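What follows is a short report on a single structure.
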Amino acid sequence: MTKRSDDRYVDDAPFDPDAALQQLERADLDAPNWLLVWRKFRTHKLGLISGIFLLLCYLMLPFAGFIAPYGANERNDEHLYAPPQSVNWFHEGEFVGPFVYPTVIEADLETFQWKAVTDTSDPRPLQFFCEGAEYKLAGLIKSDTHLFCAPEGATLFLWGSDRLGRDVFSRILYGAQLSLTVGLIGISVSFFLGILFGSMAGYFGGKIDWVINRVIEILRSLPELPLWLALSAAVPSNWSPVAVFFIISIILGILDWPGLARSVRAKFLSLREEEYVRAAEMMGASSGRVIRKHLLPNFMSHLIASATLSIPAMILGETALSFLGLGLRAPAVSWGVMLNDAQNLASIEIYPWTAIPMLPIIVVVLAFNFLGDGLRDSLDPYQQ
Amino acid sequence: MVMLRYVVYRFFTMLLTLLVVSVLIFVIINLPPGDYLSNQIAELQASGQSAGVAKAEFLRTEYALDRPMWEQYLIWMGFWPGPHGFEGLIQGNYGWSFEFDRPVAEIVGDTLWLTVVVNLAAILFVYAVALPLGVLAAARSRTWIDYTSAFVGYLGLATPNFLLALILFYYGHQYFNLPIGGLMDPIYEGQPMSWDKLKSILIHLIVPTFVIGTSGASAMMQRLRANMLDELGKPYVETAIAKGMAPSRMLTKYPLRVAFNPFVADIGNLLPSMVSGSVLVSVVLGLQTIGPTLLTALKTQDQFLSAFILMFVALLTLIGTMISDILLVMLDPRIRYEGREA
């Protein structure tokens, strides 16, 4: 780069008129589909940030026990309804590193509320890589090492503690394990059913199409929640939490497929008339093969985008069910189960931190919405 | 004439759908092992009270619970003679609630029309909010109005209904002195309709309406905005502007009318989610709709009660969908005979 006398900047490299502008475009045309999608998706800032955020969330899940300072159902009966504690760095103007002030919870005999008294003269530094409640890393490896935990003689309730003196922050991390996977399992079920029935209806047409279409219409015209309620009320109460969890996510998925099946069917109706489909049929491909190899890949990406957009409904559904006491039940920890505690006005007014689990719900649901929007916009790279 | 034929056709398909739905509901209700009475009998036998057992056994035969499943269904619907002849939903007998030991009709009574009122109010709210905001967001797209409404809309979609209900109730009470809980002042309960009672109900409706309607309103607003934006890019809009038409008149006269179709058709999608929301919100806020009763009935396996409520909820949405379909045909001359394919 040199500066000319007339204040212009000129590149030193020799200009080659033959290296046409086309070269750039050529690379674009030859680029694999995923690269084009990625390039377009990258420009969708909100979607990109949401995607990264969700990726981090899901990567965190196996290590929830390690990050959380307390166990999921570990009770501290000296500290019921403890308010959130702040982690400080400076004590009386002096750098101490991360520390907390010990807090004592006392019953206020006039208002009958729990009151926190903080002793600000006694800083206690946090411990790192310390031993605490036992948990299973990724559900397999037993361990009791935590990233950080409360110092001796003090507590560490970052987001307060609940009715039974359990740490809200730790429980949110544990709750994410169930709340976030419910959506994934549910969407897999709905994806499978939706594609199966949608492609059958669209490809074969005729009577099958008519029957499936009626089923779709009926299921779509019914309110979801009462049906969810009725189905989950049918889950025997003596099942283990894990079994309940799986059955709940499957229930969420079972009622969600009609929307997906409808769009699959509409696509199939138009695509099955294409020549390449007839060619494949002529060559003796079975209907299953034509559907899987020739038709589905055409709009798989669109399906993935719309699936992303329906995960939030499942997460909210699980929350609602657990909140009403018909979904997951204690000792299982999910965000809905936690909110069950914040069900009354008193806890919102006096102990507002018990409603904190609503924040991760809102953030995750928003993130899925933005990610889905971004995916939908970028999955067709040739469209302007 | 064509219109009338369509209405009749649509009515009969609704009835057929309802029939299928009734089977579905009956199956779902009977999914859990055992029924209310057999559970009770087991419990009574375990505690050694034989007097109660006899009564429960009597009720079992009285309500035909000892018969095969398909016969139970037909008796419940009123297609088959039960122990007392034809007595089912069709004949207007809604069954017996074991949990409350009263006829179902007596328990649901008032709550039925209150449910309808709550849902109607919510739908009106959705339209009142989504219509102006959606049009405004499209007309002023990519300005702060657009971004603010999009942000609020996304928040409305993402916040769980029941939490919004709790929070709004708390703040509504604190700052606007809105009443907490219920759908009317306790003094008006069981009273005949009067002006004061109506006023009390209206004040109590504010928060529930807002809560139930928010997510629907934001979804509808976004859709209306997208439709409007599609229309606004078309040449006829340009022509109208070039002719010097006033913007507000131009908007309402042409693009809005085209973008309006999906708006009406959407009731079919909107209504089920709205009814779902109202059930949930009613439980949280203690409204006297069928929501809380449904929850108790489901938890205690009170089968006739829960089956009737589920049927009622389904009927409500089916009627709503039917009305939206008929409205759509009336509104749009392009859609006739076939119903809609969206």
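The values are calculated or read from the model by the stated rules, or taken from the named source; none is laboratory data. Given the structure is predicted, the values throughout are model-derived calculations rather than measurements. Note: ideal-geometry Cβ built from the backbone for every residue, glycine included; neighbour counts use all protein chains shown. When the accessible area is computed, the model is the full protein with side chains, heavy atoms only, and any ligands, DNA or RNA have been set aside. Shrake-Rupley method; radii C 1.70, N 1.55, O 1.52, S 1.80 Å.
Does the stretch A:203-223 hold any residues that are surrounded by 20 or more Cβ atoms within 10 Å (Cβ to Cβ) and either modelled with pLDDT of 80 or more or more than 30 Å from A:Leu271 (Cβ to Cβ) (or both), and which are they? Don't jump to the end; show me each part of the working.
Within the stretch A:203-223, the subset surrounded by 20 or more Cβ atoms within 10 Å (Cβ to Cβ) is A:203, A:212, A:216, A:219, A:221-223.
Within the stretch A:203-223, A:Tyr203, A:Ile212, A:Ile216, A:Leu219, A:Pro223 meet the criteria.
Grab the helices (runs of 4 or more DSSP H) fully contained in the stretch B:223-327, keeping just those with 3 or more residues being within 30 Å of B:Gln72 (Cβ to Cβ).
On the way: elements: B:235-242, B:247-253, B:255-265, B:267-285, B:290-299.
Once the helices (runs of 4 or more DSSP H) in the stretch B:223-327 are filtered for at least 3 residues that are within 30 Å of B:Gln72 (Cβ to Cβ), what remains is B:267-285, B:290-299.
If a residue has to be crowded, with 18+ Cβ neighbours inside 10 Å and either of a type in the set (A, V, I, L, M, F, W, C) or within 18 Å of A:Leu255 (Cβ to Cβ) (or both) to count, how many in the stretch B:33-43 make the cut? Walk me through it before giving the result.
To start, the set of residues in the stretch B:33-43 that are crowded, with 18+ Cβ neighbours inside 10 Å comprises B:35-37, B:40-41.
Imposing the further condition that a residue be either of a type in the set (A, V, I, L, M, F, W, C) or within 18 Å of A:Leu255 (Cβ to Cβ) (or both) reduces the set to B:37, B:41.
Selection size over the stretch B:33-43: 2.
Given the criteria open to solvent by 60 Å² or more (accessible area, probe 1.4 Å), basic (Lys, Arg), within 10 Å of chain B (Cβ to nearest Cβ) and outside any loop (DSSP other than H, G, I, E, B), does A:Arg278 qualify?
no
Within the stretch A:348-359, take every residue that is surrounded by fewer than 19 Cβ atoms within 10 Å (Cβ to Cβ) and more than 9 Å from chain B (Cβ to nearest Cβ) and give me the one that is nearest to A:Ala64 (Cα to Cα).
Looking at the filtered set, the residue picked out is A:Leu359.
Scanning for something at pLDDT 85 or above and touching a helix residue (DSSP H, G or I) at 6+ places or on another chain (Cβ under 9 Å), does the stretch B:67-87 turn up at least one residue?
Yes, the stretch B:67-87 has at least one match.
Restricting to the stretch B:286-320, count the residues that are within 10 Å of chain A (Cβ to nearest Cβ), within 17 Å of the chain's Cα centre (by Cα) and buried (at least 24 other Cβ atoms within 10 Å of the Cβ).
Total satisfying the criteria: 10.
Count, please, the residues in the stretch B:159-207 that happen to be open to solvent by 90 Å² or more (accessible area, probe 1.4 Å) and not in a helix (DSSP H, G or I).
Residues flagged as open to solvent by 90 Å² or more (accessible area, probe 1.4 Å) and not in a helix (DSSP H, G or I) within the stretch B:159-207 amount to 5.
I'm told A:Phe192 meets every condition in (1) modelled with pLDDT of 85 or more; (2) buried (at least 17 other Cβ atoms within 10 Å of the Cβ) except one. Can you identify the failing condition by its number?
If we test A:Phe192 against (1) modelled with pLDDT of 85 or more; (2) buried (at least 17 other Cβ atoms within 10 Å of the Cβ), just (2) comes out false.
If A:Asp341 satisfies all but one of (1) under 24 Å from A:Phe169 (Cβ atoms); (2) crowded, with 22+ Cβ neighbours inside 10 Å; (3) in contact (Cβ under 8 Å) with a residue 40 or more places away in the chain, what's the number of the condition it fails?
(2)
What helices (runs of 4 or more DSSP H) lie completely within the stretch B:1-110 and have 2 or more residues being aliphatic (A, V, I, L, M), closer than 22 Å to B:Thr300 by Cβ and away from chain A (no Cβ under 14 Å)?
In the stretch B:1-110, B:36-46, B:50-62, B:69-77 are the helices (runs of 4 or more DSSP H) which contain 2 or more residues that are aliphatic (A, V, I, L, M), closer than 22 Å to B:Thr300 by Cβ and away from chain A (no Cβ under 14 Å).
Under 6 Å by Cβ, and 6 or more places apart or on different chains, what pairs join a residue from the stretch A:245-260 that is open to solvent by 30 Å² or more (accessible area, probe 1.4 Å) with one that is in a loop (DSSP other than H, G, I, E, B)?
Pairs that qualify, where the first residue is open to solvent by 30 Å² or more (accessible area, probe 1.4 Å) and the partner is in a loop (DSSP other than H, G, I, E, B), are A:Ile247/A:Val235.
When you go through B:Ala56, B:Ala51 one by one, which is the residue that is among the hydrophobic types (A, V, I, L, M, F, W, C), surrounded by fewer than 11 Cβ atoms within 10 Å (Cβ to Cβ) and farther than 30 Å from A:Pro223 by Cβ? Write out each step before concluding.
Values: B:Ala56 fails: surrounded by fewer than 11 Cβ atoms within 10 Å (Cβ to Cβ).
Within the list B:Ala56, B:Ala51, the selection yields B:Ala51.
Condition check: buried (at least 20 other Cβ atoms within 10 Å of the Cβ) and part of a strand (DSSP E or B). Does A:Tyr135 satisfy that?
The answer is yes for A:Tyr135.
Based on this model, can you work out whether B:Val279 counts as within 7 Å of another protein chain (Cβ to nearest Cβ), at negative phi, hydrophobic (A, V, I, L, M, F, W, C) and open to solvent by less than 10 Å² (accessible area, probe 1.4 Å)? Before you say what the answer is, go through the steps one by one.
Working: within 7 Å of another protein chain (Cβ to nearest Cβ): yes; at negative phi: yes; hydrophobic (A, V, I, L, M, F, W, C): yes; open to solvent by less than 10 Å² (accessible area, probe 1.4 Å): yes.
So B:Val279 fits the description; yes.
Please indicate, with yes or no, whether at least one residue in the stretch A:315-335 is open to solvent by 30 Å² or more (accessible area, probe 1.4 Å), part of a helix (DSSP H, G or I), within 12 Å of another protein chain (Cβ to nearest Cβ) and of a type outside the set (Val, Ile, Thr).
Yes, the stretch A:315-335 contains a residue that is open to solvent by 30 Å² or more (accessible area, probe 1.4 Å), part of a helix (DSSP H, G or I), within 12 Å of another protein chain (Cβ to nearest Cβ) and of a type outside the set (Val, Ile, Thr).
Just for the stretch B:194-244: of the residues that are aliphatic (A, V, I, L, M) and in contact with an Asp or Glu (Cβ under 8 Å, 6 or more places away or on another chain), which one is nearest to B:Asn269 (Cα to Cα)? Break it down into steps so the answer makes sense when it comes.
Filtering the stretch B:194-244 down to residues aliphatic (A, V, I, L, M) leaves B:198, B:201-203, B:205-207, B:211-212, B:217, B:219-221, B:224, B:226, B:228-229, B:232, B:237, B:240-242.
Filter once more, so that each one left must be in contact with an Asp or Glu (Cβ under 8 Å, 6 or more places away or on another chain): B:220, B:237.
On the way: B:Met220: 10, B:Val237: 30 Å.
Only one residue fits best here, namely B:Met220.
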